[in-house]
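Okay, so here's the structure we're looking at.
The values are calculated or read from the model by the stated rules, or taken from the named source; none is laboratory data. The structure presented is a predicted model; accordingly, all values stated were derived computationally and were not measured. All Cβ positions, even for glycine, are placed from backbone atoms using ideal geometry, and neighbour counts span all protein chains on display.
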Amino acid sequence: MVSAAPIPRRTSLNWHLRHHAGVPDSLRHLLVDLSRAARDIRHEIHASEGGLSGGTNIFGEQQLQLDVMSDQIVEHYLRENGSVASFCSEEHDDVVDVRPSAEYSVVFDPLDGSSLVDANFAIGSIFGIYRGSVIIGRTPRELIAAAYVLYGPRTLLVYSTGNGVHAFVLNEVGEFVLLREHLGVADKGKNFSPGNLSAIHDRPGYKAALDTWLSSHTLRYSGCMVADIHHILVKGQGIFTNVGGAKYPDGKLRLVFECGPFAYLIEQAGGASSDGAQSILDVRIVRTDQRSPIIVGSAVDVEQAAKQIGR
Ligand code: AHM
Ligand code: MG
């Protein structure tokens with residue numbers, strides 16, 4: 001008898017979305033297209049000199065920065081996909097309409113940590129998907145999917161569609177294959193990852209939280225949110241912060257492209273998120289470039305830190 005659905009040798013992202021997540025085909029196709037964009041971005045990171053030498057190549061020719069190239073790659077796949085009503089990204093000032101009657105809107109940071117490209121540190125892409133064409137006025141709790149891609153020594157993709165958080169690795173023929181299912185975050189952390197650290201001078205609560213962690217936790221901070229939060233998901237514990245101070249009153253990170261998708265993923269993994277007063281998932285989006293303080297990771301640590309730091 002011929003099986004209708006042969007089991008692949010290694011579980012592909014497409015297979016996982018279809019048989020584990022059980023999402024509609026349109027959402028599966030969109031996530032697979034985003035993974036194709038990530039594969040192409042990874043190729044650009046390796047094939048071009050973009051960002052390595054201050055904007056010019058060895059012949060002195062001006063080069064497109066990698067973040068701009070990455071944005072164009074994602075936009076290409078979103079326009080080609082057919083189910084995308086609108087999108088907004090860190091590289092665009094406003095929401096861009098594609099096909100207003102289509103099913104989904106996509107928010108993304110095409111290349112997070114782009115200031116680290118010349119240092120050859122790990123960098124990433126972040127994606128969030130909403131139903132419908134409207135992004136302003138929503139809250140990240142309405143996300144129906146989120147994913148990130150980490151371009152490090154290996155290229156990893158982590159996604160959730162509301163049924164756990166799952167990790168994939170890009171193989172040598174350009175396919176994402178399953179690495180680990182159901183990543184979880186324990187209630188108590190051992191690592192801390194403190195962003196916008198100069199805010200400790202303006203915010204005694206942040207300084208107090210830092211003093212606590214210095215004696216109880218181990219520092220793990222790379223300067224790329226994707227890498228730093230991936231560390232929490234893979235180690236199964238930890239806390240990441242980027243909170244407000246005099247220079248950035250609401251912290252450095254953007255609600256729409258950065259804080260929202262990561263709050264969704266961490267809460268899906270059993271961790272918590274806070275802006276100091278409420279879950280990041282309940283912060284309403286009023287502008288595409290809106291910043292939000294973020295405290296995410298192990299639930300007990302997040303609760304304690306939110307109390308100390310406040311909003
Ligand atoms: P980018 O999107 O312009 O690359 O900046 C965002 C990055 C995050 O990845 C990281 O967490 C943060 O900036 C680093 O901030 P800090 O300089 O406060 O450590
Ligand atoms: Mg970013």
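Gln290 versus (1) buried (at least 24 other Cβ atoms within 10 Å of the Cβ); (2) within 16 Å of ligand 2 (Cβ to nearest atom); (3) of a type outside the set (Gly, Ala, Ser): which is the lone unmet condition? Among (1) buried (at least 24 other Cβ atoms within 10 Å of the Cβ); (2) within 16 Å of ligand 2 (Cβ to nearest atom); (3) of a type outside the set (Gly, Ala, Ser), the lone unmet condition for Gln290 is (1).
Cβ separations smaller than 8 Å between residues 6+ apart or across chains give the following pairs from region 255-279 residues that are on the phi > 0 side of the Ramachandran plot to residues that are within 16 Å of ligand 2 (Cβ to nearest atom) and not in a strand (DSSP E or B): Gly276/Pro293.
At pLDDT 95 or above and touching a Cys at 6+ places or on another chain (Cβ under 6 Å), is that true of Val95? Write out each step before concluding.
Working: at pLDDT 95 or above: yes; touching a Cys at 6+ places or on another chain (Cβ under 6 Å): yes.
Here the answer is yes, as Val95 does meet what is asked.
The single condition from (1) in a helix (DSSP H, G or I); (2) more than 16 Å from ligand 1 (Cβ to nearest atom); (3) in contact (Cβ under 8 Å) with a residue 60 or more places away in the chain; (4) not acidic (Asp, Glu) that Gln237 fails is (1). Restricted to region 259-287, and to residues there that are more than 17 Å from Arg203 (Cα to Cα) and polar (S, T, N, Q), the residue that is surrounded by the fewest Cβ atoms within 10 Å (Cβ to Cβ) is Gln278.
Regarding region 128-140, can at least one residue be identified that is under 19 Å from Leu265 (Cα atoms), part of a loop (DSSP other than H, G, I, E, B), among the basic types (Lys, Arg) and modelled with pLDDT of 95 or more? Working first, answer last.
Here is the first cut: in region 128-140, the ones under 19 Å from Leu265 (Cα atoms) are 128-131, 135, 138-140.
Adding the requirement that they be part of a loop (DSSP other than H, G, I, E, B) leaves 135, 138-139.
Among the residues that remain, those that are also among the basic types (Lys, Arg) are: 138.
Those still in the list that are modelled with pLDDT of 95 or more too: 138.
Within region 128-140, one or more residues are under 19 Å from Leu265 (Cα atoms), part of a loop (DSSP other than H, G, I, E, B), among the basic types (Lys, Arg) and modelled with pLDDT of 95 or more.
On the basis of being under 17 Å from the mean Cα position of the chain (by Cα) and either surrounded by fewer than 18 Cβ atoms within 10 Å (Cβ to Cβ) or modelled with pLDDT under 95 (or both), does Arg79 make the cut? No; evaluated as a whole, the condition is false for this residue.
Can you find a residue in region 242-249 that is within 17 Å of the chain's Cα centre (by Cα) and crowded, with 22+ Cβ neighbours inside 10 Å? Yes, that holds for at least one residue. Please give the number of the condition Ser133 fails out of (1) within 16 Å of ligand 2 (Cβ to nearest atom); (2) of a type outside the set (A, V, I, L, M); (3) more than 25 Å from His46 (Cα to Cα); (4) in contact with a Pro (Cβ under 9 Å, 6 or more places away or on another chain). Tallying (1) within 16 Å of ligand 2 (Cβ to nearest atom); (2) of a type outside the set (A, V, I, L, M); (3) more than 25 Å from His46 (Cα to Cα); (4) in contact with a Pro (Cβ under 9 Å, 6 or more places away or on another chain), Ser133 fails exactly one: (1).
For region 220-239, enumerate the residues that are among the polar types (S, T, N, Q) and either within 16 Å of ligand 2 (Cβ to nearest atom) or within 13 Å of the chain's Cα centre (by Cα) (or both).
The initial filter retains those residues of region 220-239 that are among the polar types (S, T, N, Q), namely 222, 237.
Ser222 - this is the single residue of region 220-239 that is among the polar types (S, T, N, Q) and either within 16 Å of ligand 2 (Cβ to nearest atom) or within 13 Å of the chain's Cα centre (by Cα) (or both).
Once region 84-127 is narrowed to residues that are in a loop (DSSP other than H, G, I, E, B) and under 18 Å from Glu142 (Cα atoms), the residue that is nearest to ligand 2 (Cβ to nearest atom) is Val95. So if I check each of Arg36, Arg28, which one is over 17 Å from the mean Cα position of the chain (by Cα), assigned to a helix (DSSP H, G or I) and either at pLDDT 95 or above or closer than 17 Å to Met225 by Cβ (or both)? Exactly one of Arg36, Arg28 is over 17 Å from the mean Cα position of the chain (by Cα), assigned to a helix (DSSP H, G or I) and either at pLDDT 95 or above or closer than 17 Å to Met225 by Cβ (or both), namely Arg28.
Residue pairs whose Cβ atoms lie under 7 Å apart, sitting 6 or more positions apart in sequence or on different chains, and linking a residue in region 139-164 that is of a type in the set (Gly, Ala, Ser) to a partner that is assigned to a loop (DSSP other than H, G, I, E, B) and surrounded by fewer than 16 Cβ atoms within 10 Å (Cβ to Cβ), are Gly164/Glu181; Gly164/His182.
The residues of region 280-311 that are out of contact with any helix residue (DSSP H, G or I) (no Cβ under 7 Å at 6 or more places or on another chain), away from ligand 1 (no atom under 14 Å from the Cβ) and in contact (Cβ under 8 Å) with a residue 24 or more places away in the chain, listed by number, are Arg284, Val286, Arg287, Ser298, Ala299, Val300, Asp301, Val302, Glu303, Gln304, Ala306, Arg311. Return yes or no: is Phe87 within 26 Å of Ile229 (Cα to Cα), without any contact (Cβ under 8 Å) to a residue 40 or more places away in the chain and crowded, with 21+ Cβ neighbours inside 10 Å? Criteria met by Phe87.
For the subset of region 90-101 comprising residues that are more than 15 Å from Leu34 (Cβ to Cβ) and buried (at least 18 other Cβ atoms within 10 Å of the Cβ), which member is farthest from ligand 1 (Cβ to nearest atom)? Taking the candidates together, the pick is Val95.
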